[in-house]
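K.L.:
Dropping a structure here in structure tokens format, bear with me for questions.
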Amino acid sequence: MKKKKLIENTASHFAQVFNAQPAHIFLAPGRINIIGEHVDYNDGYVLPAAINKYICFAVSANDSGEVNFVAKDLSDAHHFRLSDEIKPIDKMWANYMLGVLSQLKEKGLRLQGFDVVFSSNIPMGAGLSSSAALECGFGYMLNKLFSLGLSKKEIALIGQQSEHTFAGVNCGIMDQFASVFGKKDHVFKLDCNTLEHDYHPADFTEYSVFLLDSKVKHTHLTSGYNDRRREAAEGLDILKSKFPQVKTFRDLTVAQVDAHQEELGDVRYRRCHFVVGEIGRVLEAVEALERSDFKKLGNLMTQTHHGLSKEYEVSCEEIDFLVDRALAEKDILGSRMMGGGFGGCSINLVKKGAKKEVVNRISEAYQKQFDIEPAVYKVKISDGCKEYKKFKGAATAGE
Ligand code: GLA
């Protein structure tokens, strides 16, 4: 669904449910990541960008002290009083927002009741960070609605914290940062330890990026993700005990990891080997992008996939198939799984003009193998969370 339609539908649903036009419309984007996977919580760098797929929020403050959440796409709702104790409930979608709200209350910020309807065109469970968009869009919206004075960085960190405490995923900061700090036509390199970031034009010249959705929903994401995080942290502790000057993964070389393969044990060794390699690859990828060396960039993306699949073990049969099949195409320079893994999408760097045929061939092979039709997403790189100021009421919404 296009952005304009998404806004219209969300606003008119609000009008139906609450018998009035929403006072504001906000948009929070999903993200892609060019390279730098599973290193945001491992002292690394990442290279993400916000995309033109959004969660749309239609909202008005009310003076009743009540909070009304309406999840249009799920035909579900959750109502409570602002003065109620806020804790996780059995509706996962609501928890992402409740986790944000509870932190705002803990900070002692002055809130009022409000009515909100949200709807999304970010495919769920596809690795495009719909949950970060929900957390961050919600935080961004409340910040504007009640003039809370939060910085963009605080909004991203609150979103991440909500994911940890109310959704149970000990995620890094990449997704929330991308949803808030995204910039049209730019990727950004984020130092996940300092949160310093710099933007780089997302100009792939005669190449472009597209996503293939395996349609495999990442059901093992929560446990698998938290396990990987723990295994990598355990590995780092062992390596720190061997090299006193090492404080973070960033201080390690592959040779140092190799030297302690035995003490690490097979699993922790492979996790750490991947992390140290991936941190280096992101830096090389940024240089390659700056030099417009897309062959190199594609090659690095593919190396990332091998590491994610064989060492970090977060891929799955279907995504491995999509990547292998993509790499058999001469017009594809690089392919890899994207995001948390265990399903979701692959990201591919393809020669412009060749995409259609290439996609047809990969889709056909995938369908034959798994009897699933993959979805293809061509994404545009967009701005981060924003109020949609052109909104003039449901009937005339649009750009
Ligand atoms: C998920 C997490 C991110 C990041 C990626 C993997 O999307 O939310 O923090 O760790 O997985 O790179």
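The values are calculated or read from the model by the stated rules, or taken from the named source; none is laboratory data. Just so you know, these numbers come straight off a predicted model, no measurement behind them. Every residue, glycine as well, gets a Cβ built from its backbone with ideal geometry; the counts of neighbours run over all protein chains shown. The protein model used for the area step is the full one, side chains on, heavy atoms only, and it has no ligands, DNA or RNA in it. Shrake-Rupley method; radii C 1.70, N 1.55, O 1.52, S 1.80 Å.
K.L.:
Reachable aspartates and glutamates from residue 3, Cα under 14 Å, same-chain residues fewer than 8 places away excluded?
P.N.:
383, 387, 399
K.L.:
Can you tell me the relative contact order of the chain? Whole percent, Cα pairs under 8 Å, sequence separation 6 or more. Don't jump to the answer; show the numbers that get you there.
P.N.:
Values: 848 pairs, mean separation 96.4, N = 399.
Computed over the chain, the figure is 24 percent.
K.L.:
Given a Förster distance of 25 angstrom, what is the FRET efficiency for residue 330 paired with residue 380, based on the Cβ-Cβ distance and rounded to 0.05?
P.N.:
Working: r = 26 Å, r/R0 = 1.04.
For R0 = 25 Å, the calculated efficiency reads 0.45.
K.L.:
Tell me whether segment 207-378 comes out rounded, prolate or oblate; compute the Cα gyration tensor, take square roots of the eigenvalues as a ≥ b ≥ c, and use a/c under 1.5 as the rounded threshold. Spell out each step's value before the answer.
P.N.:
Details: a/c = 2.88, a/b = 1.63, b/c = 1.77.
Cα axes put segment 207-378 in the oblate bin.
K.L.:
Only bridges with both residues in the chain count here: give the DSSP antiparallel percent, nearest 5. Can you show the working numbers first?
P.N.:
Numbers: 49 of 54 bridges.
Within the chain, antiparallel bridges account for around 90 percent of the total.
K.L.:
Past 30 Å, Cα to Cα, is the threshold; run 330/380; 247/380; 91/240 against it and keep the listed order. Could the numbers behind the result be given before it?
P.N.:
Details: 330/380 24 Å; 247/380 38 Å; 91/240 41 Å.
Checking Cα-Cα distances, 247/380; 91/240 exceed 30 Å.
K.L.:
Using a 1.4 Å probe, how large is the accessible area of residue 316, given in Å² and rounded to the nearest 10?
P.N.:
Here the residue's solvent-accessible area equals roughly 30 Å².
K.L.:
Here is a further query. Where a ≥ b ≥ c are the square roots of the eigenvalues of the C-alpha gyration tensor, would you call segment 1-140 rounded, which needs a/c under 1.5, or, failing that, prolate if a/b is larger than b/c, or oblate?
P.N.:
Because a/c hits 1.5 or more and a/b fails to exceed b/c, segment 1-140 counts as oblate.
K.L.:
Also, quick follow-up: At most 13 other Cβ atoms within 10 Å and a DSSP loop assignment: could you name the trypsin sites (Lys or Arg not before Pro) in segment 64-126 that fit?
P.N.:
Numbers: sites: 72, 81, 91, 105, 107, 110; in loops: 91, 107, 110.
In loop regions of segment 64-126 (DSSP not H, G, I, E or B), the sparsely surrounded trypsin sites (Lys or Arg not before Pro) are 107, 110.
K.L.:
Tell me, what is the 1.4 Å probe accessible area of residue 237, in Å² to the nearest 10?
P.N.:
Result for residue 237: roughly 90 Å² accessible.
K.L.:
Leaving out ligands, DNA and RNA but keeping every protein chain, what accessible area does residue 197 have, in Å² rounded to the nearest 10, with a 1.4 Å probe?
P.N.:
Result for residue 197: roughly 60 Å² accessible.
K.L.:
Loop only per DSSP, at most 11 neighbouring Cβ atoms within 10 Å: give me the trypsin sites (Lys or Arg not before Pro) in segment 207-313, ordered by residue number.
P.N.:
On the way: sites: 215, 217, 228, 229, 230, 240, 242, 247, 250, 268, 270, 271, 281, 291, 295, 296, 310; in loops: 215, 217, 247, 291.
Taking segment 207-313 and a limit of 11 other Cβ atoms within 10 Å, the loop trypsin sites (Lys or Arg not before Pro) found are 291.
K.L.:
Take the Cβ-Cβ distance between residue 217 and residue 87 as r, set R0 to 22 Å, and report the resulting FRET efficiency rounded to the nearest 0.05. Write down the numbers at each step before the final one.
P.N.:
Details: r = 27 Å, r/R0 = 1.21.
Given R0 = 22 Å and the Cβ-Cβ separation, E is 0.25.
K.L.:
Also, quick follow-up: Under a plain spin-label model, where a point goes 7 Å from the Cα along Cα-to-Cβ, how far apart in nm are residue 258 and residue 4?
P.N.:
Output for this residue pair reads 5.7 nm.
K.L.:
Still on this model: Do the alpha carbons of any pairs in 2/152; 144/352; 296/390; 87/390 sit beyond 30 Å of each other, and which pairs?
P.N.:
Details: 2/152 26 Å; 144/352 40 Å; 296/390 42 Å; 87/390 35 Å.
The answer is 144/352; 296/390; 87/390.
K.L.:
Turning to a different aspect of this structure: Placing +1 on the Cβ of each Lys and Arg and -1 on the Cβ of each Asp and Glu in segment 187-317, which of 208, 255, 275 has its Cα farthest towards the positive end of the resulting dipole?
P.N.:
275
K.L.:
Something else now. In debye, nearest 20: dipole of segment 207-378 around its Cα centre with unit charges on the Cβ of K, R (+) and D, E (-)? List each step's numbers first, then the result.
P.N.:
Working: 27 positive and 27 negative charges, 113 e Å.
So the magnitude is around 540 debye.
K.L.:
Next question. Suppose only helical runs count, i.e. DSSP H with n ≥ 4. What mean residue ellipticity at 222 nm does that imply for the chain under -39500 (n - 2.57) per run, divided by all residues and rounded to the nearest 500 deg cm²/dmol?
P.N.:
Details: 12 runs with 163 residues, N = 399.
Counting only the DSSP helices, I get -13000 deg cm²/dmol.
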